[in-house]
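Student: Dumping the structure here so I can ask a few things about it.
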Amino acid sequence: MAVVKRPPFPVILVANDLVEGEVIFAAEHGWTRDVRAARVANDAEAAQALEQFGAAQARACKVVDAYLVDVEIEAGVPVPRHYRERLRTLGPSHRLDLGKQADFHL
Amino acid sequence: MYAYDELDRQIVRERVAQFASQVERRLDGSLTEEEFRPLRLKNGVYLQLHAYMLRVAIPYGGLSSRQLRQLALIAEKYDRGYGHFTTRTNIQFNWPKLREIPAILGLLADVDMHAIQTSGNCIRNTTTDCFAGAAFDEIEDPRPTAEWIRQWSTLHPEFDWLGRKFKIAVTATQQDRAVLRGHDVGVRIVRNAAGETGYRLYVGGGLGRTPMEGKLVRDFLPRAELLGYLEAILRVYNLEGRRDNKFKARIKILVHEIGLEAFRAQVEAEYSKVVAAAPAPDLREFERITASFDAPDFADLPEVSRKLEQAQAADPDLAQFVARNLFRHKKKGYVALTISLKSIGGAPGDATAEQMRAVADLAEQFSFDQVRVSYKQNLVLPHVRRDDVPEIFAVLKAQGLATPNVDLITDIICCPGLDYCALATARSIPLAQTLSRHFADPDKQKEIGELSIKISGCINACAHHHIANIGILGLEKSGGESYQITIGGDPGDQYALGELLGPGLPASAVPEAIDRVIGVYLDARRQGETFIETYRRLGVTPFKAAFKEIADAVA
Ligand code: SF4
């Protein structure tokens, strides 16, 4: 198999829900809107499993644009290292009343 | 205003039905994302950072009260209670669900609106002067020309899949209030020596990755020839423009690479073929359109309004508003009134559903049912009696819409940036909010005078940062957000691209850096000089020196 370029571990899988457009994360079972429940992959095998799940879910018209995002674990919660991905787990930074930050009191 | 006829309505309805079926086919898996993406983009649907986004066309920025109320309804029912007005004078909804977008498009169609050609590689919304039909200095109302172009460019089979997007602006005044030279084609309505009205055309302007100034391609084109000549320009672009590299696919690159003379020669050659193939150009459609833009039934009013003068004397806030937010009208006793969507600390260009309804009501009561969206992301009531300004002001104030800052430093143009936009490299809105608060003091704003700040969250320059007096571009630098500052840009008749002051700064250092730049201006300005005038006289050097102190301190 060709070498796939992956971000450094640990990683989570992020996608958009096809119907809603909302950002979702692969969880232990299915998907979650709450990054705290995201499934964290710490090695190549687990990362590949996430990717395969994402690809299958894209084919099944459940999600679009699934990709791996590298995170740090802070107080047990995965936090994306890049600020762009961090914003996607929260919502617009000037509207704390909107998005996941509001829904989950993040 | 132009009223849709049966044909317009049919086109829009058919498009809603077509897109509804495309969405169904996407959801049931008959269409892959790769197949669906260009189709949704043809209908203004993007997938952004947090959700889908729907961009709705507001042709040349004109809205009726009924249309604005419908936008408010959509914001409330299908979104999160607000919308964002853009520099293309469109409106964006940030949270629609894909399944519901056909229903939203249906609601738009009910009021003769749509999202066709608000994205994708086609001819986009034609923009114009936000004071069109009202301005004291216009040769004629530019909206009939803009509408003529809209009809011609809508679903034009030859130009539906261009190499890249294509933007046209029209203006009819000496003072350029529509950024003509920043467009793929700029159309200026002019009169020739014989007194005939026609068009002066600029081509190859644009911002983005490679900012360019539009070049004069035709000094005078008789009115009847406009669409034929545009066809020739688009055809040359469509055939000769690059498709191998997305970043080199705009017409500005073609004009730049082959040179204006060669480009013009090709266009003229193509145009003679257009002329040979088509029957004599015909003004009937233009005249039909023009008739629908008949001036409203203005009353004969005295030049000054006692009522307004007295109210101003009693209310300093109103006096300040009058000093900043009114624009001279062609008709005595009337003004065009700008409603700033730049409240101190607010997100530039955002309006809530409630605010939209309030503006719609005001337009209905006081402005012949008309509202305009300006590329500066404000709203305009184009035809207001001076007598009515105090009453309008009171309503605006209650809605948080009476900020008296038109063209002042807090009237910031700002794109959605990384708070919404999938292409962004940095956030822009929070910085706009910080700067707005930083310069909130009305006396300070007055002292600084006219000065434009424009903030884009990436190199695509949706907020026109290159042509701002102070332009800010958000980039990524070493894993963090970094802001490059340019100064000296001008969107108007003395069109100029800003000069970079130095290395990018973290957001926290930007207010102080701008303070320094403004300090240079305030120290050096001569009586009556605006920021840009002082800059033109001094050049960039002293500003760079002042900036360097801040840049060095944070480096
Ligand atoms: S300038 Fe960039 S970040 Fe801003 S709206 Fe345009 S594409 Fe998005």
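Student: What residues in the stretch A:3-33 lose 50 Å² or more of accessible surface when the other protein chains are added to their chain alone (1.4 Å probe)?
Tutor: A:Leu18, A:Val19, A:Glu20
Student: Just to confirm, what accessible area per residue do you get for the protein assembly as shown at 1.4 Å probe, in whole Å²? Walk me through the numbers before you get to the answer.
Tutor: On the way: 26280 Å² over 661 residues.
Ligands and nucleic acids excluded, the result is 40 Å² per residue.
Student: Excluding residues on the same chain fewer than 8 positions from B:Lys307, give the lysines whose Cα lies under 22 Å from its Cα.
Tutor: Result set, ordered by chain and number: B:Lys330, B:Lys331, B:Lys332, B:Lys397.
Student: Compute from the Cα atoms of the stretch B:260-400 the Rg and the Dmax, the latter being the longest Cα-Cα distance, and quote both in angstrom.
Tutor: 21.3, 66
Student: Nearest 20 debye, what's the magnitude of the dipole of chain B about its Cα centre given +1 on Lys and Arg Cβ and -1 on Asp and Glu Cβ? Could the numbers behind the result be given before it?
Tutor: Numbers: 69 positive and 72 negative charges, 195 e Å.
Its charge dipole is roughly 940 debye.
Student: Rounded to the nearest percent, how much of the accessible area of the stretch A:11-103 (1.4 Å probe, protein heavy atoms only) is carbon and sulfur? It would help to have the intermediate numbers written out before the result.
Tutor: Values: 1960 of 3950 Å².
Carbon plus sulfur share of accessible area: 50 percent.
Student: Right, another one. For the B and A pair, go ahead and give the buried accessible area with a 1.4 Å probe, both sides summed, in Å² to 100.
Tutor: Chains B and A together bury approximately 2200 Å².
Student: Additional query: So how far, in whole Å, is the C-alpha centre of the stretch B:65-109 from the one of the stretch B:312-351?
Tutor: Using only Cα atoms to place each centre, the spacing works out to 26 Å.
Student: Over the stretch B:356-497, what is the percentage of antiparallel beta bridges among all DSSP beta bridges, to the nearest 5? Intermediate values should be presented prior to the final figure.
Tutor: Working: 11 of 17 bridges.
Roughly 65 percent of the beta bridges in the stretch B:356-497 run antiparallel, per DSSP.
Student: Leaving out ligands, DNA and RNA, and with a 1.4 Å probe, what % of the accessible surface on the stretch B:87-151 is carbon or sulfur? Please report the intermediate quantities before stating the final value.
Tutor: Details: 590 of 1260 Å².
Of all accessible area on the stretch B:87-151, carbon and sulfur atoms account for 47 percent.
Student: Can you give me the orientation-averaged projected area of the convex hull built on the Cα atoms of chain A, in nm²?
Tutor: Values: hull surface 27.5 nm².
For the Cα atoms of chain A, the hull's average projected area reads 6.9 nm².
Student: In chain B, with Lys and Arg counted as +1 and Asp and Glu as -1 at Cβ, which of these residues, B:Gln310, B:Trp148, B:Asn43, has the Cα nearest the positive end of the dipole, that is, farthest along it?
Tutor: B:Asn43
Student: Using Cα centres only, tell me the gap between the stretch B:224-256 and the stretch B:494-543 in whole Å.
Tutor: Each part reduced to its Cα centre gives a spacing of 36 Å.
Student: Right, next: Given +1 on the Cβ of Lys and Arg, -1 on the Cβ of Asp and Glu, and no further charges, what dipole in debye does the stretch B:448-555 carry about its Cα centre, rounded to the nearest 20? If you can, show how the numbers build up before the last one.
Tutor: Details: 9 positive and 13 negative charges, 32 e Å.
Charge dipole, the stretch B:448-555, about its Cα centre: 160 debye, nearest 20.
Student: Let me ask something else. Can you give me the convex hull volume of the Cα atoms of chain B, divided per residue and expressed in Å³?
Tutor: Details: hull volume 88.4 nm³, N = 555.
Given the Cα convex hull of chain B, per-residue volume reads 159 Å³.
Student: Compare the Cα positions of B:Ser64, B:Gly195, B:Ala509 along the charge dipole of the protein assembly as shown (+1 at Cβ of Lys, Arg; -1 at Cβ of Asp, Glu; about the Cα centre) and return the one farthest towards the positive end.
Tutor: Going by the Cα projections, it comes out as B:Ala509.
Student: Can you tell me the convex hull volume per residue for the stretch B:362-426, based on C-alpha atoms, in Å³ to the nearest whole number? Write out the running numbers ahead of the final one.
Tutor: Numbers: hull volume 7.9 nm³, N = 65.
Hull volume normalised by residue count: 121 Å³.
Student: With a 1.4 Å probe and all protein chains left in place, how much of the accessible area of the stretch B:270-328 comes from carbon and sulfur atoms, in whole percent?
Tutor: Numbers: 2150 of 3920 Å².
Heavy-atom surface of the stretch B:270-328 belonging to carbon and sulfur, 1.4 Å probe: 55 percent.
Student: Within the stretch B:142-291, how many Lys pairs that are eight or more residues apart, or on different chains, come under 23 Å at the alpha-carbon?
Tutor: Going through the stretch B:142-291 pair by pair, I get 11.
Student: Please get the size of the charge dipole for the protein assembly as shown, origin at its Cα centre, with Cβ charges of +1 on Lys and Arg and -1 on Asp and Glu, quoted in debye to the nearest 20.
Tutor: Values: 82 positive and 87 negative charges, 177 e Å.
The calculated dipole for the protein assembly as shown is roughly 860 debye.
Student: With the Cα gyration tensor of the stretch B:413-554 in hand, convert its eigenvalues to equivalent ellipsoid semi-axes via √(5λ) and list them largest first in whole Å.
Tutor: Numbers: eigenvalues 109, 50, 43 Å².
Calculated on Cα positions only, the semi-axes equal 23, 16, 15 Å.
Student: If you look at just the Cα atoms of the stretch B:398-446, how large are its Rg and its Dmax in Å?
Tutor: Expressed in Å, the Cα Rg and Dmax of the stretch B:398-446 come to 12.7, 38.
Student: Report the antiparallel proportion of the DSSP beta bridges in the stretch B:65-203 as a percent, rounded to a multiple of 5. Provide the component values of the computation, followed by the final result.
Tutor: Numbers: 10 of 17 bridges.
So the antiparallel bridges amount to about 60 percent of the total.
Student: How big is the protein assembly as shown by the Kirkwood estimate over distinct Cα pairs, in Å?
Tutor: On the way: mean 1/r = 0.0382 Å⁻¹.
With all distinct Cα pairs of the protein assembly as shown included, I get 26.2 Å.
Student: The stretch A:39-62: which residues show an accessible-area loss of 10 Å² or more, assembly versus chain alone, 1.4 Å probe?
Tutor: Those are A:Cys61, which lose 10 Å² or more relative to the chain on its own.
Student: Can you pull the Kirkwood radius for the stretch B:142-291, inverse mean 1/r over Cα pairs, to one decimal in Å?
Tutor: Working: mean 1/r = 0.0638 Å⁻¹.
So the Kirkwood estimate lands at 15.7 Å.
Student: Under the rule that a partner needs its Cβ under 4.7 Å from the first Cβ, which Cys of the protein assembly as shown have none?
Tutor: Cysteines of the protein assembly as shown left without a disulfide-compatible partner: A:Cys61, B:Cys122, B:Cys130, B:Cys414, B:Cys421, B:Cys458.
Student: Give the lysines whose C-alpha is closer than 22 Å to that of B:Lys97, dropping any in the same chain fewer than 8 places away, or say none.
Tutor: Leaving aside lysines fewer than 8 places away in the same chain, those within reach of B:Lys97 are A:Lys62, A:Lys100, B:Lys42, B:Lys77.
Student: Let me ask something additional. Percent antiparallel among DSSP beta bridges with both residues in the protein assembly as shown, to the nearest 5? Each step should come with its number before you reach the end.
Tutor: Values: 68 of 81 bridges.
Just about 85 percent of them are antiparallel.
Student: Next up: Mind grabbing the base-10 log of I(q)/I(0) for the stretch B:6-110 at q = 0.16, 0.17, 0.19, 0.20 Å⁻¹? Debye formula, identical points on the C-alpha positions, no solvent, two decimal places.
Tutor: -0.71, -0.80, -1.00, -1.11
Student: Right, another one. Enumerate the lysines that B:Lys548 could reach by cross-link, defined here as Cα to Cα under 26 Å, with residues fewer than 8 away along the same chain left out.
Tutor: Hits, sequence-local ones excluded: B:Lys444, B:Lys454, B:Lys477.
Student: How large is the helix-only mean residue ellipticity at 222 nm for chain B, computed as the sum of -39500 (n - 2.57) over DSSP H runs with n ≥ 4, divided by its residue count, in deg cm²/dmol to the nearest 500? Could the numbers behind the result be given before it?
Tutor: Numbers: 18 runs with 213 residues, N = 555.
After summing the helix terms and dividing by residue count, I get -12000 deg cm²/dmol.
Student: Kindly provide the helix-only [θ] at 222 nm of chain A, computed as the sum of -39,500 (n - 2.57) over DSSP H runs of four or more divided by all residues, to the nearest 500 deg cm²/dmol?
Tutor: Values: 3 runs with 28 residues, N = 106.
Helix contribution divided over all residues of chain A: -7500 deg cm²/dmol.
Student: Separate question: Packing-wise, with mean Cβ within 10 Å as the measure, how do B:122-130, B:144-152 rank, highest first? Write down the numbers at each step before the final one.
Tutor: Details: B:122-130: 25.8, B:144-152: 23.3.
With the highest mean Cβ count within 10 Å placed first, the list reads B:122-130, B:144-152.
Student: On to the next question. Rg over Rh of the stretch A:1-53, using C-alpha atoms and the Kirkwood radius, what does it come to? Intermediate results must be reported in sequence, preceding the final value.
Tutor: Values: Rg = 11.5 Å, Rh = 11.6 Å.
My calculation puts Rg/Rh at 0.99.
Student: Restricting to DSSP loop positions (anything but H, G, I, E, B) with no more than 15 other Cβ atoms inside 10 Å of their own Cβ, which GluC sites (Glu not before Pro) remain in the stretch B:263-334? Could you put the intermediate results ahead of the total?
Tutor: Values: sites: B:Glu268, B:Glu270, B:Glu285, B:Glu287, B:Glu303, B:Glu309; in loops: B:Glu303.
Counting only loop positions with at most 15 other Cβ atoms within 10 Å, the GluC sites (Glu not before Pro) in the stretch B:263-334 are B:Glu303.
Student: I would also like to ask the following. Taking the convex hull of the Cα atoms, report for the stretch B:41-190 its projected area averaged over all directions, in nm². If you can, show how the numbers build up before the last one.
Tutor: Working: hull surface 37.1 nm².
The directionally averaged projection comes out at 9.3 nm².
Student: Note down the relative contact order for chain B as a percent, whole number, built from C-alpha pairs under 8 angstrom at least six residues apart. Before the final figure, lay out the partial values.
Tutor: Values: 1161 pairs, mean separation 68.9, N = 555.
Computed over chain B, the figure is 12 percent.
Student: Right, something else. Using a loss threshold of 40 Å², tell me which positions in the stretch B:15-57 are less accessible in the complex than in their chain alone. Probe radius 1.4 Å, ligands and nucleic acids ignored.
Tutor: Residues meeting the cut-off: B:Arg26, B:Leu27, B:Leu47, B:Leu49, B:His50, B:Tyr52.
The values are calculated or read from the model by the stated rules, or taken from the named source; none is laboratory data. Quick caveat: nothing in here was measured; it's all calculated off a predicted structure. FYI the Cβ positions are ideal-geometry reconstructions off the backbone, even for glycines, and counts take in every protein chain you see. These accessible areas exclude ligands, DNA and RNA; they are computed on the full protein's heavy atoms, side chains included. Shrake-Rupley method; radii C 1.70, N 1.55, O 1.52, S 1.80 Å.
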